[in-house]
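Everything below concerns the one structure shown next.
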Amino acid sequence: MKLDFQTDGGIGTRAALGVIVLETDETLEHEFRRMMAGPGIAVYHSRIAMVPEVRPDTLARMEQDLPASARLLPPALRFDAIGFGCTSASTVIGSDRVARAINSVCAGAQVTDPLAAIIAACRALEARRLGFVTPYVAEVSAAMRGKLEDAGFEVAAFGSFEEGNDRVVARITEAALGAAIETVAARHPCDAVVVSCTNLRSLGVIAKAEAAIGVPVISSNQALAWNMLRLAGVTDPQPEFGRLFARA
């Protein structure tokens, strides 16, 4: 017996979003599920190969793999926005080249990455003087700091865990991260504190840290999710995820 059926617009009636996640990332998907849980918002993940050691050469290598990872996103969908979930690789490769690689497969989709999203978030919050917290080895941290300065921001205070292994980064405790944010914010006055790296467990720290230091905290995953949603036209305030998410 052949059964009758009807069709509708699918899950993503408000927004269809794609995100390319590092093979080694253990945090982004968990945090994205919380920030993108609204009705009609569909998020689809793909993975990209990455070794645990975060160095400029291992990060640059991902550029050639981005089209293949984008190709594994559902081909029937027209994506409103696609994010590349690696702050340090976006810094090394460059946001324009990341977008070009993804658009070679997903033509017409708006593309962002954590670096581009952090810059957009700082501008939305009118933050110019930044505290900057990273887990990276010195060479990678310096590259991202340079990108922020090139975009017109001043890095007023800086601190890093100086950990090159992504598996270890994913296990840095929320308490340690919260303490690091407060330490960096206390060094020099700043308009916001940026916490870089999609594998750091930042989302649960943001509201408490903002209350402690009195300025916004912008994390890689938070900024990327906010930027993707705003690019897709979803502007619902979610202040529980920090002052950034109170902004349209």
| Do we find a residue being more than 17 Å from the chain's Cα centre (by Cα), closer than 28 Å to His188 by Cα and assigned to a helix (DSSP H, G or I) anywhere in segment 212-224? | yes
| message | Can you find a residue that is over 30 Å from Met50 (Cβ atoms) and in a helix (DSSP H, G or I) anywhere in segment 227-239? | response | yes
| said: Taking the condition of being more than 20 Å from Leu203 (Cα to Cα) and of a type in the set (Ser, Thr, Tyr), how many residues in segment 1-43 meet it? | reply: 2
| query | When segment 79-95 is examined, which residues are found to be more than 16 Å from Ser141 (Cβ to Cβ) and either small (Gly, Ala, Ser) or modelled with pLDDT under 95 (or both)? | reply | Ala81, Gly83, Gly85, Ile93, Gly94, Ser95
| query | Looking at segment 190-211, which of the residues that are within 13 Å of the chain's Cα centre (by Cα) and assigned to a loop (DSSP other than H, G, I, E, B) is nearest to Leu130 (Cα to Cα)? | reply | Ser196
| request: State which residue is nearest to Leu73 (Cα to Cα) when the search covers only segment 4-22 and only residues that are more than 15 Å from the chain's Cα centre (by Cα) and surrounded by 12 or more Cβ atoms within 10 Å (Cβ to Cβ). | output: Ala16
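From Ile102, Ile20, which residue is out of contact with any Pro (no Cβ under 8 Å at 6 or more places or on another chain), under 26 Å from Gly146 (Cα atoms) and either among the hydroxyl-bearing types (Ser, Thr, Tyr) or not in a loop (DSSP other than H, G, I, E, B) (or both)?
Ile20
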| Can you name the residue in segment 32-78 that is in a strand (DSSP E or B) and not aliphatic (A, V, I, L, M) and, of all such residues, is modelled with the lowest pLDDT? | Glu53
| query | Which of the residues that make up segment 131-179 are part of a helix (DSSP H, G or I), under 19 Å from the mean Cα position of the chain (by Cα) and of a type in the set (A, V, I, L, M, F, W, C)? | reply | Val140, Ala142, Ala143, Met144, Leu148, Val168, Val169, Leu177
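The values are calculated or read from the model by the stated rules, or taken from the named source; none is laboratory data. Quick caveat, the model's predicted, so the values are computed rather than measured. Note: ideal-geometry Cβ built from the backbone for every residue, glycine included; neighbour counts use all protein chains shown.
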